[in-house]
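Reading through the structure tokens given below for one structure.
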Amino acid sequence: MATQVRRLTHPPRGRRQLAQQEAVIAAAIFALTFVVSLANPDFFSATNLLDIAVNTAYIAVAAAGMTMVIVSGNIDISVGSMLGVCATIAGELARNGTPIVIAFLVAIVAGGLMGAINGVLVAYARIPAIVVTLGMLSILRGGLILVTQGRWIESLPEEFFFSQRSTLSIPNPIWVMIGVTILVGLFMRYHRFGRAIYAVGGNAEAARLAGIDPRRVHIFVFVMNGLLVGLAAVLYASRFTAIQSNAGQGFELAVISGAVVGGVSILGGTGTVVGALLGSLLISLIGTASIFLKVSPFWLQAVQGGLILLTVLVDVVRRRRQT
């Protein structure tokens, strides 16, 4: 089975193209940093660059999970609502005296449970992922507003603010982002089940004939995505002194943009978590650059949408040439 899986995933040409796309994204990051620094030298300050990396962290962590979901041939547009719910759970537990570690773990597990529901509905009820996650988005968003009544969660204990602290002079969210990228990247590249995700996303029927159970893969990627969204929620919630009732609104666009712009094919079968990290960094960089250049923040969403459309168009053209 392992040999068949290797044959179904990542042909050499595909790897070269992914590496080329990651190189292009890295070059775009350097070029954008250079150009904006010329217009406003403060942009290149160590403090600002560190802020950008911290702002990227929770997006990149969620984008790592989204990479697995999209590579498997699915999509999850409920991650914004999931982040809001997980952040609220962590904040409420911490405010009520629950040990911080327990509060964080419960929030992460809650993300995994929501992901499991999505995965089971996709795998066994055979409902398209976009329909399932759209429904989940609405249910969670409505439920969150009903429960919180629009109130912000404040008066959080000092120990809660994990993301405001540093280890070895580097902010904790950056360590988490690097760790998640390495672990998920190694898993998808070298573990047999990680390779099975590429096989199912590339051709589910061929993967099934090779001995892979696509339903197990679908459930697994949604559960992993939920757990990573829960972790992203912890990073997000512990950065600020209060958790808003509309936390995570629009988050799904940033996460999907980061993954797709980083080379994860929206058609499934190809993409890397390193590319998703670079794509997330580029999205954050564009957002900060718009502030330094005094461009309306509303342009950011337009740019994100434009980048997604352009990347998908390039991917579709590339696939047609290969077939």
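The values are calculated or read from the model by the stated rules, or taken from the named source; none is laboratory data. For clarity, every value in this text was computed on a predicted model and none was experimentally measured. All Cβ positions, glycine included, derive from the backbone under ideal geometry; neighbour counts span all protein chains shown. All accessible areas refer to the heavy atoms of the entire protein, side chains included, with ligands and DNA or RNA removed. Shrake-Rupley method; radii C 1.70, N 1.55, O 1.52, S 1.80 Å.
With the simple spin-label model, which puts each label point 7 Å out from Cα in the Cβ direction, the residue 164 to residue 38 separation comes to 3.9 nm. Within the shell of other residues whose beta carbon sits under 14 angstrom from the beta carbon of residue 228, the net charge comes to -2, with Lys and Arg scored +1 and Asp and Glu -1.
What order do 292, 298, 44 take when sorted by accessible area (1.4 Å probe), most exposed first?
Putting 292, 298, 44 in descending order of accessible area: 298, 44, 292.
All other residues whose Cβ lies under 14 angstrom from that of residue 74 are scored, Lys and Arg at +1 and Asp and Glu at -1, for a net of +1. Kirkwood analysis of segment 109-240, using all unique Cα-Cα pairs, places the hydrodynamic radius at 17.1 Å. Putting +1 on Lys and Arg Cβ atoms and -1 on Asp and Glu Cβ atoms, find which of 160, 35, 54 reaches farthest to the positive end of the dipole of the chain. Most positive-ward Cα: 35. Residues 76, 213, sorted by accessible area with the largest first, give 213, 76 [1.4 Å probe; ligands and nucleic acids excluded]. With the simple spin-label model, which puts each label point 7 Å out from Cα in the Cβ direction, the residue 182 to residue 249 separation comes to 3.8 nm.
Across the protein chains, with a 1.4 Å probe defining accessible surface, the residues 132, 316 rank 316, 132 from largest area downward.
From the C-alpha coordinates alone, can you work out the Kirkwood hydrodynamic radius of segment 42-92, in Å? After inverting the mean inverse Cα-Cα distance, the result is 13.0 Å.
When the Cα gyration tensor is reduced to axis lengths a ≥ b ≥ c, the ratio a/c is 1.5 or higher for segment 178-323, and with a/b not above b/c it is classed as oblate.
Counting Lys and Arg as +1 and Asp and Glu as -1 over every other residue whose Cβ lies under 15 Å from the Cβ of residue 160, the net charge comes to -1.
About the centre of its Cα atoms, the chain shows a dipole size close to 1300 debye [charges on the beta carbon of Lys, Arg (+1) and Asp, Glu (-1) only; nearest 20 debye]. Projecting the Cα atoms of 277, 207, 218 onto the charge dipole of segment 173-307, computed from C-beta unit charges around the Cα centre, puts 207 farthest toward the positive end. Relative contact order of segment 261-323, taken over Cα pairs closer than 8 Å and 6 or more residues apart, is 29 percent.
Simple spin-label estimate for residue 105 and residue 299 gives 4.8 nm between the two label positions (7 Å along the Cα-to-Cβ direction from each Cα).
If you wrap the tightest convex hull around every Cα atom of the chain and split its volume per residue, you get 135 Å³.
For an R0 of 45 angstrom, estimate the FRET efficiency from the Cβ-Cβ distance between residue 151 and residue 316 and round to the nearest 0.05.
0.50
For segment 34-189, a simple Cβ point-charge model (Lys and Arg +1, Asp and Glu -1, everything else neutral) yields a dipole of about 420 debye relative to the Cα centre. For segment 270-316, the equivalent ellipsoid built from the Cα gyration tensor has semi-axes of 22, 14, 6 Å, listed from largest to smallest.
To the nearest 10, the accessible area of residue 102 is 80 Å² with a 1.4 Å probe.
Binning the alpha carbon pair distances of segment 11-127 at 5 angstrom intervals from zero yields the distribution 2, 9, 11, 15, 14, 12, 14, 12, 7, 3, 1, expressed in whole percent.
Treating r as the C-beta distance of residue 30 and residue 267 and R0 as 25 Å, the FRET efficiency rounds to 0.30. If you take the square roots of the eigenvalues of the alpha-carbon gyration tensor of segment 49-191 and sort them as a ≥ b ≥ c, do you get rounded (a/c under 1.5), prolate (a/b over b/c) or oblate? The shape class here is oblate. Between residue 20 and residue 208, the FRET efficiency estimated from the beta carbon spacing at R0 = 41 angstrom works out to 0.85.
For residue 166, the residues whose amide H sits under 5 Å from its own are 172, ignoring neighbours fewer than 5 places away on the same chain, with H placed 1.01 Å from N. Annotation: extensible slack from residue 50 through residue 190 equals 47.3 nm (criterion: 0.36 nm per residue apart, minus Cα-Cα distance). Going by the alpha-carbon gyration tensor, a ≥ b ≥ c the square roots of its eigenvalues, is segment 204-254 rounded (a/c under 1.5) or, if a/c is not under 1.5, prolate (a/b greater than b/c) versus oblate? Cα axes put segment 204-254 in the prolate bin. Comparing 248, 279, 119 in a Gaussian network model of the chain (Cα springs below 10 Å), the most mobile by mean-square fluctuation is 248.
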